[in-house]
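Visitor: Would you mind keeping the following structure in view while I ask a few things?
The values are calculated or read from the model by the stated rules, or taken from the named source; none is laboratory data. Everything numeric here is computed off the predicted structure, so don't read it as measured data. Glycine gets a Cβ as well: all are built from the backbone with ideal geometry, and neighbour counts include every protein chain shown.
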Amino acid sequence: MKKLFGKKIKIAVFISGTGSNLKKLIYFSKNKKSKFMVDLVISNKRHAPGLIYAKKNKINYKIYDFKKQISDEIKILNLVKKRKIKLICLAGFMKILTEKFIKKFDGKIINIHPSLLPKYKGLNTHFKVLNSNDKYSGCTVHYVNSKLDSGKVIIQKKVKILKSDTPKTLQKRILLEEHKLYSKALNIIID
Ligand code: GAR
């Protein structure tokens, strides 16, 4: 993904909830050396708490409830094209995009997932990890393809599992690592 002559590339961030990864992406994008700027936020939830970060930072945001997913995806694609967005970053976005949408933006959609993929795809990750004998969990930034949490890995960070961990404590420690990992991944894939 080529940076345009010293200019930061535009990214869109898709959220459904808290938006702490969105918050950190906005924070890191403001660094002079960062290669991206958050141009658009998409949420499938009207009251997603994470929308506050778009509002606070005067970033355009749109809500599509995905009840009519195909037509919402067409609208999003048009918007993304119109705004010359080069990359879509899923950050706690809990809808599964259609194959058609993914193909239309092929190789330019990435996601963050709270496990060391290919282990523990899908939901309830931390619960599943704690029911295993694994010593480490972690987080992964990966390209999105038509199979859930299965695209090529860009970067991962390991987090040690403690004997005292509950899904909540593990989730908290991993989330702190996610916050650094997402920007790192972006700076790797944008030249
Ligand atoms: C993050 O832990 C992210 O990895 C996870 O949801 C959380 C969103 O937090 N995503 C998934 O589980 C996707 N399968 P945030 O809204 O505070 O960024």
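Visitor: Write out, first by first residue and then by second, each pair whose Cβ atoms fall under 8 Å of each other, whose residues are 6+ apart or on separate chains, and whose first residue, in the stretch 85-103, is part of a loop (DSSP other than H, G, I, E, B) while the second is within 14 Å of the ligand (Cβ to nearest atom) and modelled with pLDDT under 95.
Guide: Within 8 Å, the pairs are ILE96/LEU148.
Visitor: Tell me which of these ILE96 doesn't satisfy, since it passes every other one: (1) within 15 Å of the ligand (Cβ to nearest atom); (2) touching a Phe, Trp or Tyr at 6+ places or on another chain (Cβ under 7 Å).
Guide: Result: ILE96 passes all but (2).
Visitor: Filter the stretch 19-51 down to residues that are under 16 Å from TYR182 (Cα atoms), surrounded by fewer than 16 Cβ atoms within 10 Å (Cβ to Cβ) and among the charged types (D, E, K, R), then give me how many there are.
Guide: Result for the stretch 19-51: 2.
Visitor: Tally the residues that are out of contact with any Leu (no Cβ under 9 Å at 6 or more places or on another chain), touching a residue at least 12 places away in the same chain (Cβ under 8 Å) and of a type in the set (Gly, Ala, Ser), restricting the search to the stretch 152-191.
Guide: Counting residues in the stretch 152-191 that are out of contact with any Leu (no Cβ under 9 Å at 6 or more places or on another chain), touching a residue at least 12 places away in the same chain (Cβ under 8 Å) and of a type in the set (Gly, Ala, Ser) gives 1.
Visitor: Out of (1) buried (at least 20 other Cβ atoms within 10 Å of the Cβ); (2) closer than 23 Å to ILE189 by Cα; (3) among the aliphatic types (A, V, I, L, M), what's the single condition that is false for ALA54?
Guide: The single condition ALA54 does not satisfy is (2).
Visitor: Can you tell me which residue among LEU25, LEU90, LEU40, LEU79 is more than 18 Å from VAL144 (Cα to Cα) and within 12 Å of the ligand (Cβ to nearest atom)?
Guide: Just a single option satisfies the conditions, and that option is LEU25.
Visitor: Being within 16 Å of the ligand (Cβ to nearest atom), small (Gly, Ala, Ser) and in a helix (DSSP H, G or I) narrows it down to one of ALA48, ALA54, ALA12, so name that one.
Guide: ALA54
Visitor: Identify, from the list ILE109, ILE70, ILE74, the residue that is within 16 Å of the ligand (Cβ to nearest atom) and either among the aliphatic types (A, V, I, L, M) or touching a Pro at 6+ places or on another chain (Cβ under 8 Å) (or both).
Guide: Unique residue meeting the criteria: ILE109.
Visitor: Something else about it: Could you tell me which residue of the stretch 128-149 is surrounded by the most Cβ atoms within 10 Å (Cβ to Cβ), considering only residues that are touching a residue at least 24 places away in the same chain (Cβ under 8 Å) and more than 12 Å from the ligand (Cβ to nearest atom)?
Guide: VAL129
Visitor: Quick check: is even one residue across the stretch 104-124 of a type in the set (Lys, Arg), touching a strand residue (DSSP E or B) at 6+ places or on another chain (Cβ under 8 Å) and not in a loop (DSSP other than H, G, I, E, B)?
Guide: no
Residues checked against (1) free of Cβ contacts under 8 Å to residues at least 60 places away in the same chain; (2) in contact with a Cys (Cβ under 9 Å, 6 or more places away or on another chain):
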{"position": "VAL13", "(1), (2)": "no, yes"}
{"position": "SER16", "(1), (2)": "no, no"}
{"position": "SER34", "(1), (2)": "no, no"}
{"position": "ASP39", "(1), (2)": "yes, no"}
{"position": "ILE42", "(1), (2)": "yes, no"}
{"position": "LEU51", "(1), (2)": "yes, no"}
{"position": "ALA54", "(1), (2)": "yes, no"}
